[in-house]
Amino acid sequence: MIHKAYLAVVFAGFSVLVPVCADATDAERQPVTEMDTADLLNMQVISTRKKSQVTSVSKKAGYVSNAPSAVYVISNEDIKRAGVTSVPEALRLAPGVDVARVNSSKWAVSIRGFNGIFANKLLVMIDGRSVYNPGFSGVYWDAQDVMLEDVERIEVIRGPAATLWGANAVNGVINIISKRAEDTGGGLVTGGGGTLETGFGALRYGKQLGDDSFGRVYVKGFQRDGLEQVEGFAPSADRWDKQQGGFRIDSHLSDRDEWTLQGDLYRSGLSQNALLPVLSSPFQQGLIENFSTSGANILSRLRHTFSTTAEYSLQFYYDHSERGNHTFAKQSLDTLDLDFQNSFAIGERQRAIWGVGYRANLDEFSDSLLIQPTRLKRDTHLFTAFVQDEIMLVDDKLWLTLGSKFEHNPYSGFEGQPTARLMWAPTLEQRVWAAFSRAVRTPSRADHDIRFLNGVLPTEVPGLGTLPTEVVLNGNRSFRAEDVLSYELGYRFAWASQASLDLTAFYNDYDNLTAYQAGTPSLLATPVLHLVQPVSVSNLGQADTYGFEAAAVWQMADWWRWDANYSLLKTEFGTFVGLAQQTSPQHNLSLRAAINPTDRISLDFWLRYTGPRSVVGNGAGNQLRQLNGRASFDTRLAWKVLPSLELSVVGQNLLDDGRLEYIDESGIIQPGGVSRGVYGKLALEF
């Protein structure tokens, strides 16, 4: 049976939701007790004894082994055994993903380079709902949270996926997929605390609502302490607390129709150290910012199945978010999104999928000390269409996939994003694939019509002495989309039922990247005599990136599994591209051991190494600062006291104390050092 992604529909004025990235059938979800080599190729995490499925690669359910893309699946068991407490920390499990913590609530997350707090070449979704912010081209990770116990898997696609998912899926896609309501029946309560995770808890309850309907509700909250002070930066005073709740309903309306409805509501309070540019020496004023974030969303999907080879799906979601304060501006964003897609077989050798979509972003900013938009409100409308055809060239040996995304946005107009992918199965144990793709990062409001005070520098002026100079970044209404031509080659191999290896090599050619051009300075007399140096956004940047990624699994014994990942990234800039230059390390290594010495005891070790990183962290000075490579070690010990009760203790960052992982590109948000931590957790099912 062919499966699908989830999409939504609006019925009689209210949203109805059903699978767009559909799950496997009940039979496919059953544990596998006996495996042969073919089963192993269809798995990524051997110990789960389940065939690992992905839906983000082709918008239909398929096996990892048959995906002509660099894809990695982070399972619920991986998340649990790693002991992570947030989505960004969970993403460290995947190869090719660069995760660096800035302070208690902020991370820089990217795939294959160009990292930053607003890494603008990465598309992130939660159950198919995009959380990419069009105001600044990036993801506010402090606003994105899920109940990790309810996550089915996180699918990480490295490389362009724009043909199916659209603009901004330039370097990759992260899709967080939650469990179906029928898989979370009964109650679950979790709670704990420690040194950095000072307190957290969650409650979820699910039950059957009818013959073919299931539902669940949840609430969760946490409080996290600030990071350590680092020499050369202001004392750490950041903190983060958050409360969130939500629900999900899944129903089989008929033998051919599936329905889903889900939503979330959240609020959080944050504080952080900041250096505000001022016109008097030393031209920076330290302050502790307090601000809040809040939001709500609702998502609806419907899927209708015509046959085992044909179906359609419809998705609708609405998302509202608010954040900010008088320093960084207050922003509210309302997003309405509607997508339709249809898939069908053409004879016995082809499967086609096509779709259309519409998205409206209703954006509103307020003036602030640092940010002044040229217009406070702006409504933008995005129209999309895509088509993709998978062709079997040689029976069960060779497949060709061709497709393209077509979009029209209000900033750069029409954009086409094609791809061609070839998959070859020389033997049952091996897969070889190659791909060529074009993808774009469309402009944001910040690129077009926002003025940003980046810093103040002292400048010698003949006849006037030393004057403070405001460096102001100005949007450019002629700014075009950034684009990349990507070339990828991959190989997968499985040996017996004990080990598997996944290799990917890539080369990316970027053009029209963001660069900054200085304009003519002007002299102003108020509030004090000073210069204003305008800097405008342009498309003069060019760069090439290349490297490879490797992921291996070894089931050394029935009770002991190893997972190893390595990533190499080389970046060459043809021209200076601005604040995001050289912000991703060349080397990333991860080694995990999952051990079950008894049926009730589990023990995990996780060693990571991240190479040196060069970052811009001095505001308007654009001075590069070198951060040394770092090693990290986490461990987790869990005891299943009863079948329904588990106690665990987790040690984090045990090799170092107070290390600096990243410096904000603007130099305004002061970073903290990631220190050693330990926390305990209780999980009770009822």
Exercise. Any idea what the relative contact order of segment 361-416 is, in percent, if you count C-alpha pairs under 8 Å spaced at least 6 apart?
Worked result: 27 percent
Seminar exercise, completed: So for segment 237-292, using the alpha carbon gyration tensor with a ≥ b ≥ c as root eigenvalues (a/c under 1.5 gives rounded; past that, a/b versus b/c decides prolate or oblate), I'd call it prolate
Exercise. What Kirkwood radius, in Å to one decimal, follows from the Cα pairs of the chain?
Worked result: 25.9 Å
Seminar exercise, completed: One point scatterer per Cα, no solvent, Debye formula: log10 I(q)/I(0) for segment 387-465 at q = 0.12, 0.17 Å⁻¹ comes out as -0.61, -0.82
Exercise. Based on the alpha-carbon gyration tensor of segment 259-402, what equivalent-ellipsoid semi-axes (square roots of 5 times the eigenvalues) come out, in whole Å, largest first?
Worked result: 47, 19, 15
Exercise. So how exposed is residue 320, as accessible area in Å² (1.4 Å probe, rounded to 10)?
Worked result: 50 Å²
Problem set entry | residue 641 - accessible surface, heavy atoms, 1.4 Å probe, Å² rounded to 10 | 30 Å²
Exercise. So how much accessible area does residue 89 have, in Å² to the nearest 10, using a 1.4 Å probe?
Worked result: 30 Å²
For this session: Could you pull out every residue, at least 5 positions away or on a different chain, whose amide H is within less than 5 Å of the one on residue 178? Hs are placed 1.01 Å off N in the peptide plane, and Pro or chain starts have none.
Result: 127, 152
Exercise. Along segment 599-612, what does the Karplus equation 6.51 cos²θ - 1.76 cosθ + 1.60 (θ = phi - 60°) give for ³J(HN,Hα), rounded to whole Hz, x for Gly and Pro?
Worked result: 5, 9, 10, 10, 9, 10, 10, 9, 10, 10, 9, 10, x, x
Seminar exercise, completed: The Cα radius of gyration of segment 89-193, divided by 2.2 N^0.38 Å with N its residue count, comes to 1.12
For this session: Provide the per-residue ³J(HN,Hα) series for segment 92-103, in order, calculated from phi with Karplus coefficients 6.51, -1.76, 1.60 and θ = phi - 60°, each as a whole number of Hz, with x at glycine and proline positions.
Result: 5, 5, 8, x, x, 9, 9, 10, 9, 8, 9, 8
Exercise. What is the local net charge at residue 536, summed over the other residues whose Cβ is closer than 14 Å to its Cβ (Lys, Arg +1; Asp, Glu -1)?
Worked result: +1
Exercise. What whole-number value in Å² describes the accessible area per residue of the chain for a 1.4 Å probe?
Worked result: 38 Å²
Exercise. Non-local amide H neighbours of residue 665 (under 5 Å, H modeled in plane, Pro and chain starts lacking H): which ones?
Worked result: 117
For this session: Rank 118, 86, 187 by how far each Cα sits towards the positive end of the charge dipole of segment 83-200 (+1 on Lys, Arg Cβ; -1 on Asp, Glu Cβ) and give me just the farthest.
Result: 118
For this session: Starting from one equal scatterer on each C-alpha and no solvent at all, send me the Debye-based log10 I(q)/I(0) for segment 583-686 at q = 0.10, 0.12, 0.13, 0.14 Å⁻¹, two decimals.
Result: -0.43, -0.57, -0.63, -0.69
Seminar exercise, completed: In debye to the nearest 20, the charge dipole size for segment 426-495, taken about the Cα centre with +1 at each Lys and Arg Cβ and -1 at each Asp and Glu Cβ, equals 300 debye
Problem set entry | Normalised contact order of the chain, rounded percent, pairs of Cα under 8 Å and 6 or more residues apart | 13 percent
For this session: Show which aspartates and glutamates lie in cross-link reach of residue 640 when reach means a straight Cα distance below 14 angstrom and same-chain residues fewer than eight apart are skipped.
Result: 599, 685
For this session: May I ask you to order 132-138, 462-468 by the average number of other C-beta atoms within 10 Å around their residues, highest value first?
Result: 132-138, 462-468
Problem set entry | Gain in span if fully extended, residue 526 to residue 654, counting 0.36 nm per residue against the direct Cα distance | 40.9 nm
Exercise. Can you pull the percent of the chain's accessible area that's carbon plus sulfur, 1.4 Å probe, other chains left in place?
Worked result: 58 percent
Seminar exercise, completed: For segment 69-201, the dipole about the Cα centre with charges only on Cβ (Lys and Arg +1, Asp and Glu -1), to the nearest 20 debye, works out at 460 debye
For this session: Quote the charge dipole size of segment 483-600 about the Cα centre in Debye, to the nearest 20; the model charges only the Cβ of Lys and Arg (+1) and of Asp and Glu (-1).
Result: 360 debye
Seminar exercise, completed: Once phi for every residue in segment 262-270 is put through the Karplus expression 6.51 cos²θ - 1.76 cosθ + 1.60 (θ = phi - 60°), the whole-Hz ³J(HN,Hα) values, with Gly and Pro written as x, are 8, x, 9, 9, 8, 8, 8, x, 9
Exercise. With each label point set 7 Å from Cα along the Cα-Cβ vector, what nm distance links residue 247 and residue 498?
Worked result: 5.2 nm
Exercise. Straight-line reach from residue 377: which aspartates and glutamates have Cα under 20 Å away, leaving out those fewer than 8 places along the same chain?
Worked result: 319, 322, 334, 337, 363, 364, 367, 447, 449
Problem set entry | Cα lying deepest toward the dipole's positive end in segment 283-381, options 287, 312, 324, charges on Cβ | 312
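The values are calculated or read from the model by the stated rules, or taken from the named source; none is laboratory data. Everything numeric in this text was worked out from a predicted model, so none of it was measured. Cβ: placed from backbone, ideal geometry, glycine included. Neighbour counts: every protein chain shown. These accessible areas exclude ligands, DNA and RNA; they are computed on the full protein's heavy atoms, side chains included. Shrake-Rupley method; radii C 1.70, N 1.55, O 1.52, S 1.80 Å.
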